Amino acid sequence: MSFILRLSKMDKLTIEEYQQKYFYKIELVQLCRQYKLPTYGTKAELNQYIIKYLSGVPAKNIKAKRCPSKKKLNICVQIKLL
């Protein structure tokens, strides 16, 4: 059974429990979804969001450090392809 499934059965993860475990990025994304935190960014950023939440900062006050990638590439007929 994965730690995330076990966590869903727990009331709340403590900072001490969190810092004693190793989490893959996909697990951090799942935790962020569960706590309604931003789910994108580096592994370090996701860790910071979760630690802030576990420290008592409300989820609505935790903002992403970066915006999700929405780069638009302007391709038109005049652009030569390689």
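The values are calculated or read from the model by the stated rules, or taken from the named source; none is laboratory data. These figures come from a predicted structure and were not determined experimentally. Cβ: placed from backbone, ideal geometry, glycine included. Neighbour counts: every protein chain shown.
Taking the criterion of being of a type in the set (Gly, Ala, Ser) and exposed (fewer than 12 other Cβ atoms within 10 Å of the Cβ), the residues of region 20-66 that qualify are 44, 55, 56. Among residues of region 51-66 that are on the phi < 0 side of the Ramachandran plot, those with a Cβ under 8 angstrom from a residue that is of a type in the set (Gly, Ala, Ser) and surrounded by 14 or more Cβ atoms within 10 Å (Cβ to Cβ), sequence gap 6+ or separate chain, pair up as 64/41; 65/41; 66/41. Across region 1-55, the qualifying residues are those that are among the basic types (Lys, Arg) and over 21 Å from residue 66 (Cβ atoms), and the one among them that is modelled with the highest pLDDT is 21.
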